[in-house]
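Scroll down for the structure; my scribbles are underneath it.
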Amino acid sequence: MNLNSKEGTAGITALLVIAIVFAVNFLVGGLGLGNARVDLTQNKLYTLTEGTRNILDRLNPDKPVTIRYYETTDDRIMPPQLKMRATVVRDLLLEFQTAAKGKLILERLNPNPNTEDEDRAREDDIQGLPVNQDGDMLYFGMAIQSAANKEVLPFLSPEQETSLEYNITRAIQKVSQTSKTVIGVMTSMPIMGSPMFPFQQQQRSQQPWILIQRLRMDYEVRDVPMSSDKIDSDINTLVVIHPADITETAEYAIDQYLLKGGKVIALVDPQSIVAKRVYSNQPNPMTGQPGGVINPASDLANLFKAWGVSFTKNQVVADVNYRSPQGGQNPLDLELPAEALDQTDRMTSNLQPLRMLVSGAFTIDPRDGIQSTILASSSKANELLDVSEAESLTPERMNTFSATGRPQILAVRLSGKFKTAFPGGRPKGPAASPESGGAQEDATAPKPADAPTAAPAPAPAPAPTAAAAPAAPAPTAPVTAPATPVVSAPAAPKAEAPAAPNAPAKKEEFNISDGTIKESVSNEGVVVLFGDADMMYDELCVGRDRVTGEMVAANANLPLMLNAIEVLSGGGDLLQVRGRAATQRPFLKMAELREKVDQKYRPQRQALQAKLDETAQKMGPLRVKDGQLADPRQIKELNELMKTQSDINRQIREVKREQNKEIEFTKSMIVLLNFLAVPLLVISLGLLLAMRRRAVTAAV
């Protein structure tokens, strides 16, 4: 080959390009930039979230975290789809290792059959899946350990792809923590589970709700009885689920807990199906005797009034736009899509769908110092139904459905500086009289004729003061100290101005002696309210993983509740990790085009179906049990109807055939465009360049 020829020059140029590529590759690898990548995906699927990076940054260098990653590599055992999944996991772990900056040790082990790594996998409780009759096991999991703390992800199911980073990050955070946050749970239902007693073997133990099980993985979960008159101060966040028949004393305890700086999440319900059908009349696990009936309706009436929240216990939300597929056409079984949730809020962003069953609605009457944020709402096509009407809801009732035209609030967050719902002081119980303290509505309820009666209220004040003294000696001192200088000055002109001048002044004296906190000690009070308590019942929020058999989130209910607890308990880093998107995205455009085609043919199908139903109704009376007809006229009429029926069925098949044909054509065009778009673009550019070169050459 002549090096001076055009062919020789082109060959030398190609060799130089190849050499440069190799040199650059070698230099980049030598600089340790071999794993550098650019994530161009829409949802940053291959980039660690900020929450994960924050948690990794806080790791103690003296107590590094070790991840032992187990992956069977034997081709006879590892299926191809899991091999692809393993590649994603390995890449993700490398991202973790890089971001931890030396505080995370990654060990990769290959537990193939009859190897030492397989023994180590068993020691680490990695779940082995049998794959053949020889007893070979497939391992695909990891153990995360720091000092003596260890967490295990027994099997990395592909169905849990979106939660992989969260599961790893949560495990890292858990093994690196020295103490747990305390979460209190107050409920009228036995959601905490019950143990099995040896002498009651005929009774099965009752498992706690999955929500409680998940909380126990990350927090210390403490049962707060419904009869509580005080909430422990070390409880970081209080979760109240269906507080049916809650007493004023318990509401007072929640009120004072909130004002002291506690956070509250409350799930109330106008008609709890779980309380009514699952837990009412349930046998007592201790005695085996039938249990009582749990009131299906619940709220926090006194607290709601103080917070400016209205919640009608005898009305539920029916929504024809957000009907859940699992609930058929029942407008009371709601599935809220992303647009029904606040996508800008940390609790609800990137979550969908949220399922709520026979939910109630809130209305907000703003109070000074309290901000409200709507987290979830219905569509405008909703109607508020009475509970009695909802229980016997029929399809015919939907013919008279009357939409309100405005969304209903199904979940809301209140934040800011709260005032007590008990300006009269600590309630004495069901027999307490309004004169001796109680809820806000008691203080304002007295008729004019009762005013003189209220005046002597301070007189018996010494009695409750003496009774309350042993119950709350400790809180009195620290609470009244900040409350006195902060509360008395700004509260006096606002709260007492519109009211009668006499009564509030005397209640002020009562509060001081009672130890009741009148106002939040800070502006950081937070309350999150949901209009449905059933939404956290296992059947409505989790499903069983087909591979591992574990219970996993079936919708956004469980992630939303975990988000809310995490945000309120002072976390938040895991929150950013929980809402990761999946690598496999639905073909939304295809579904949209399919729906358009379906809409085009739907009226024609419905009309034919109506004719078919009408024909079937006419044929019914003409048939007899043994299939014989004696009247020739009836025989002739029946034959004509059968022919009509056959014709209609044929027309329906033709309509469906045309519909499917149009759908397939649309699908083919999209696929063809996807295949040919880039080649056509390249060819077009090539032609343009060629034409331009020819034009330039001709000009020269």
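The values are calculated or read from the model by the stated rules, or taken from the named source; none is laboratory data. Computed from a prediction, not measured in an experiment: that's the story for all the values here. Positions of Cβ are backbone-derived with ideal geometry, glycine not excepted, and every protein chain shown enters the neighbour counts. Note: areas computed on protein heavy atoms with side chains; ligands, DNA, RNA excluded. Shrake-Rupley method; radii C 1.70, N 1.55, O 1.52, S 1.80 Å.
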**Prompt:** Restricting the stretch 554-565 to residues that are open to solvent by less than 10 Å² (accessible area, probe 1.4 Å) and assigned to a helix (DSSP H, G or I), which is modelled with the lowest pLDDT?
**Reply:** Asn563
**Prompt:** Just for the stretch 158-193: of the residues that are of a type in the set (Gly, Ala, Ser) and at pLDDT below 85, which one is farthest from Val274 (Cα to Cα)?
**Reply:** Ser179
**Fill in**
From the option list Asn639, Asn674, Asn660, Asn649, single residue qualifying as without any contact (Cβ under 8 Å) to a residue 12 or more places away in the chain, surrounded by 12 or more Cβ atoms within 10 Å (Cβ to Cβ) and within 49 Å of the chain's Cα centre (by Cα) is Asn660
**Asked** Looking at Thr66, is it open to solvent by less than 30 Å² (accessible area, probe 1.4 Å), in contact with a helix residue (DSSP H, G or I) (Cβ under 6 Å, 6 or more places away or on another chain), of a type in the set (Val, Ile, Thr) and under 21 Å from Ala171 (Cβ atoms)?
**Response** no
**Message:** Can you tell me which residue is modelled with the lowest pLDDT among those in the stretch 194-220 that are of a type outside the set (Phe, Trp, Tyr) and open to solvent by less than 30 Å² (accessible area, probe 1.4 Å)?
**Reply:** Gln200
**Single condition Thr87 does not satisfy, out of (1) closer than 22 Å to Glu159 by Cβ; (2) of a type in the set (Val, Ile, Thr); (3) open to solvent by less than 20 Å² (accessible area, probe 1.4 Å)** = (3)
**Prompt:** What pairs come up if the first residue lies in the stretch 336-349 and is of a type in the set (Val, Ile, Thr), the second is open to solvent by 20 Å² or more (accessible area, probe 1.4 Å), and their beta carbons are under 7 Å apart, counting only those six or more places apart or on different chains?
**Reply:** Thr348/Asp342
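Quick one: would you say Arg346 is under 25 Å from Leu259 (Cα atoms), at pLDDT below 90 and open to solvent by 30 Å² or more (accessible area, probe 1.4 Å)?
Against the criterion (under 25 Å from Leu259 (Cα atoms), at pLDDT below 90 and open to solvent by 30 Å² or more (accessible area, probe 1.4 Å)), Arg346 qualifies.
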**Item:** Check on Gly308, surrounded by fewer than 18 Cβ atoms within 10 Å (Cβ to Cβ) and within 22 Å of Thr400 (Cβ to Cβ)
**Value:** no
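For the stretch 630-688, give me each residue that is in a helix (DSSP H, G or I) and small (Gly, Ala, Ser).
Keep residues of the stretch 630-688 that are in a helix (DSSP H, G or I), which gives 632-688.
Correct list: Ser646, Ser668, Ala677, Ser684, Gly686.
Does at least one position in the stretch 116-139 carry a residue that is polar (S, T, N, Q), surrounded by 15 or more Cβ atoms within 10 Å (Cβ to Cβ) and in contact with a Lys or Arg (Cβ under 6 Å, 6 or more places away or on another chain)? Even if it seems obvious, please write down each step before you answer.
Looking only at the stretch 116-139, we keep the residues that are polar (S, T, N, Q), and these are 127, 132-133.
Next cut, surrounded by 15 or more Cβ atoms within 10 Å (Cβ to Cβ) only: 127.
So of that shortlist, the ones also in contact with a Lys or Arg (Cβ under 6 Å, 6 or more places away or on another chain) come out as none.
So far as the stretch 116-139 goes, no, none of its residues is polar (S, T, N, Q), surrounded by 15 or more Cβ atoms within 10 Å (Cβ to Cβ) and in contact with a Lys or Arg (Cβ under 6 Å, 6 or more places away or on another chain).
Here's the yes/no breakdown for (1) within 25 Å of Gly261 (Cβ to Cβ); (2) at pLDDT 80 or above; (3) over 28 Å from the mean Cα position of the chain (by Cα):
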| position | (1), (2), (3) |
| --- | --- |
| Pro353 | no, yes, no |
| Gln371 | yes, yes, no |
| Glu389 | no, yes, yes |
| Leu410 | no, yes, no |
| Gly416 | yes, yes, no |
| Pro423 | yes, yes, yes |
| Asp442 | no, no, yes |
**Message:** Can you tell me which condition Arg53 does not meet? The list is (1) in contact (Cβ under 8 Å) with a residue 60 or more places away in the chain; (2) within 20 Å of Ser163 (Cα to Cα), and all the others hold.
**Reply:** (1)
**Item:** Single match in Ala582, Ala591, Ala616 (criterion: farther than 25 Å from Ile168 by Cβ, modelled with pLDDT under 75 and either touching a Leu at 6+ places or on another chain (Cβ under 6 Å) or surrounded by fewer than 13 Cβ atoms within 10 Å (Cβ to Cβ) (or both))
**Value:** Ala591
